[in-house]
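What follows is a short report on a single structure.
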Amino acid sequence: MRVLLASPRGFCAGVNMAIECLEECIRIFGTNIYVYHEIVHNKYVVDRFSSQGVKFVNEVDEVPEGAVLLYSAHGVSPVVRQAARARKLRTVDATCPLVTKVHLEAIKYAEEGYNILLIGHEGHDEVIGTMGEAPESITLVESPEDVDRLEFAPGAKLAYLTQTTLSVEEASAVITRLEQRFPQIEHPPKEDICYATTNRQFAVRSLIPDCDVLLVLGSQNSSNSRRLMEIGQSLGKSAHLIDGRHELRPEWFDGAERVLVTAGASAPQVVVEECLDYLRETFGADVVEEVTREEHVNFPLPRELRQMARVQLQ
Ligand code: SF4
């Protein structure tokens, strides 16, 4: 068996920053800290922090007054920030700057009187956060069929934004339909689907034609990981999204000569290594890394956290 190990894969700059944020908070405040929803959508990462004592909450009122609350990489709606202020929480914002970019675009278009079509998946943390910036002005669209159902007057002021972790192909189908129906529709100068999503999808699309099976390391609720699995499936390959080695089934590899392994933007390298060990031990796999694009993106820790660290040093 030959294993192609896709690169880029795994942690993106936003996930790295969010995890560093939480580690730095633990260093400064100890583990008696709270995180609004999962810090990133990965079971391994969340379990590791939970076992250290970090508490993940679904509602701000689960956090004791005055405690430290971290916002996750997916961002939060202004309603959450307001609730945290009302409880006098000390907040640290680990929102990925590329998600913040979409929030700022939503605010700008709403202030200028546009109706905003947000292309995304209902219920995803990022979509909830972005829609919360201008709920009166934003309509969610998930498919070209949703676009067909929109009712705006000809010439209405319209703009579209996208969730950062969509399938490039699927978003493009929705955008095409929007532009057909509403030729006046505007969009931000730089696209919202982030570099990490685009690069991981590009790697899978480039490498999958020569492979029989696709393994994606990532959690079921990770949007960008699911999109990677769906690319494999849409091209007729056997594709599996798993959290780690314990979920692997030997029958998935019956007759497989080439296996493509990748990881979503929130999946750590350790779970990839464990799966590669399994494939080497069980099938004598030979692993070759295939680099389709280079990535050199880093985000600094949020200012409030750097200030807290400085105060602690004084
Ligand atoms: S996937 Fe993209 S938007 Fe999401 S955290 Fe990573 S870099 Fe940021």
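The values are calculated or read from the model by the stated rules, or taken from the named source; none is laboratory data. Note that this is a predicted model, so its numbers are computed, not measured. Quick reminder, even Gly has a Cβ in these numbers, built from the backbone with ideal geometry, and neighbours come from all protein chains shown. What goes into the accessible areas is simple: the full protein's heavy atoms, side chains included, and nothing from ligands, DNA or RNA. Shrake-Rupley method; radii C 1.70, N 1.55, O 1.52, S 1.80 Å.
Brief remarks on what is shown
Matching residues to (1) over 18 Å from Ser143 (Cβ atoms); (2) buried (at least 22 other Cβ atoms within 10 Å of the Cβ):
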residue	(1), (2)
Thr176	no, no
Pro183	yes, no
Glu191	yes, no
Ala196	yes, yes
Phe202	yes, no
Pro209	yes, no
Asp212	yes, no
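- Search result, residues across the range 259-286 that are part of a loop (DSSP other than H, G, I, E, B) and either modelled with pLDDT under 95 or over 22 Å from Thr197 (Cα atoms) (or both): Gly284, Ala285
- Comparison of Ala83, Ala106, Ala73, Ala94 shows that the only residue that is among the small types (Gly, Ala, Ser) and away from the ligand (no atom under 16 Å from the Cβ) is Ala83.
- Arg205 being basic (Lys, Arg) and within 16 Å of the ligand (Cβ to nearest atom): no
- Meets criteria (assigned by TED's automatic domain parsing to the domain that holds Phe253, at negative phi, over 16 Å from the mean Cα position of the chain (by Cα) and crowded, with 20+ Cβ neighbours inside 10 Å) for Ile116: no
- Cβ-Cβ contacts under 9 Å between residues 6 or more apart (or on different chains), taken from a first residue in the range 73-91 that is over 16 Å from Val102 (Cβ atoms) to a second residue that is in a loop (DSSP other than H, G, I, E, B) and of a type in the set (Gly, Ala, Ser), are listed as Arg87/Gly66; Arg87/Ala67; Lys88/Gly66; Leu89/Gly66; Leu89/Ala67; Arg90/Gly66; Arg90/Ala67.
- Of the helices (runs of 4 or more DSSP H) lying entirely inside the range 136-223, those carrying at least 1 residues that are within 19 Å of Asp125 (Cα to Cα) and not polar (S, T, N, Q) are 168-181, 195-207.
- Of the residues screened, Leu228 is not one that is assigned to a strand (DSSP E or B), among the hydrophobic types (A, V, I, L, M, F, W, C), in contact with a Lys or Arg (Cβ under 7 Å, 6 or more places away or on another chain) and within 23 Å of His37 (Cβ to Cβ).
- Leading residue by the ranking (nearest to Leu207 (Cα to Cα)) among those in the range 287-299 that are open to solvent by less than 70 Å² (accessible area, probe 1.4 Å) and assigned to a strand (DSSP E or B): Glu290
- Any hit, the range 152-169, residues being modelled with pLDDT under 95, more than 16 Å from the ligand (Cβ to nearest atom), of a type in the set (D, E, K, R) and open to solvent by 10 Å² or more (accessible area, probe 1.4 Å): yes
- Candidates Leu117, Leu140, Leu98, Leu104 - the one that is of a type in the set (A, V, I, L, M, F, W, C) and free of Cβ contacts under 8 Å to residues at least 12 places away in the same chain: Leu104
- Qualifying residues in the range 235-257 (those that are within 25 Å of Ala196 (Cα to Cα) and exposed (fewer than 15 other Cβ atoms within 10 Å of the Cβ)) - the one nearest to the chain's Cα centre (by Cα): Leu235
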